[in-house]
Amino acid sequence: MKFLLMNGPNLNRLGKREPEYYGTATLADLEAELVEEARASGVELYCYQSNHEGSLIDELHRRADEGIDGAILNAGAFTHYSYALRDAIASVTYPVIEVHISNIHARESFREVSVIAPVTKGQIVGLGFDGYHLALSALIKMVKGRN
C-alpha cells in the first residue's frame, strides 16, 4: 500500500505558529512519526507540503496517476474556500481523509465550514497529531477491505 500525507498552507510553520492551537511539535516531527508508523504497518508513506493551491492539486493528480491507495490531507485555510481543491479531490478514485489539528468547528466562524468535507471519506478534527495517526489507521483498514 502507498499513501500520501499532504499538508497545506502554513503547516510548514508548525512548532512556531499559534502553539495554543497547534502545539510545539514541527511538521518534520509529524512526518517522522507517521512514516515510522506506516512502515511498521507495511505501508509506504509519501509526505508533501505546499503553501500553493495549484501545487496541492498537482500532487493529488500526480499521485492518482501513479496508483496511490489513499491520502491524508490537512488543507489548512484552503479547507474553507478552495473549490478547485475540492474538485481535485472529487476527481481522484482513492480515499482522502481530511484532518485538522485544531477543532475547526470551535474556532472563528469562517473556519467552521469545510468545502472539501463532502468529497472526502471522513473528517478528523481537534485531536492534534493523533488525528493523523487515526486517519492512517482508517486508510489502512479501508484499503485492506477493498482488496
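Structural remarks
- Every residue from the range 4-53 that is touching a helix residue (DSSP H, G or I) at 6+ places or on another chain (Cβ under 8 Å) and over 18 Å from Val99 (Cα atoms): Ser41, Val43, Glu44
- Close Cβ contacts (under 7 Å, 6 or more residues apart or on different chains) running from residues in the range 7-26 that are open to solvent by less than 80 Å² (accessible area, probe 1.4 Å) to residues that are aromatic (Phe, Trp, Tyr) comprise Gly8/Phe78; Pro9/Phe78; Leu14/Tyr22; Ala25/Phe129.
- Test result for Arg62, closer than 19 Å to Ile124 by Cα and open to solvent by 50 Å² or more (accessible area, probe 1.4 Å): no
- Every residue from the range 17-49 that is of a type in the set (A, V, I, L, M) and over 11 Å from Phe129 (Cα atoms): Ala28, Ala32, Val35, Ala38, Ala40, Val43, Leu45
- In the range 65-99, the residues that are among the acidic types (Asp, Glu) and either over 18 Å from Ile124 (Cα atoms) or part of a helix (DSSP H, G or I) (or both): Asp65, Glu66, Asp69, Asp87
- Qualifying position, being at positive phi and of a type outside the set (D, E, K, R), among Gly8, Gly67: Gly67
Yes or no, residue by residue, for (1) farther than 21 Å from Ala28 by Cα; (2) more than 12 Å from the chain's Cα centre (by Cα); (3) open to solvent by 70 Å² or more (accessible area, probe 1.4 Å):
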position	(1), (2), (3)
Ala75	no, no, no
His80	yes, yes, no
Asp87	yes, yes, yes
His100	no, no, no
Arg107	yes, yes, no
Val115	yes, yes, no
Gly131	no, no, no
Ser137	no, yes, no
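The values are calculated or read from the model by the stated rules, or taken from the named source; none is laboratory data. Just so it is clear, the model here is predicted, and its values are computed rather than measured. Ideal geometry is used to build each Cβ from the backbone, glycine not excepted, and the neighbour counts take in all protein chains shown. Note: accessible area is taken over every heavy atom of the protein model, side chains too, but ligands, DNA and RNA are not part of it. Shrake-Rupley method; radii C 1.70, N 1.55, O 1.52, S 1.80 Å.
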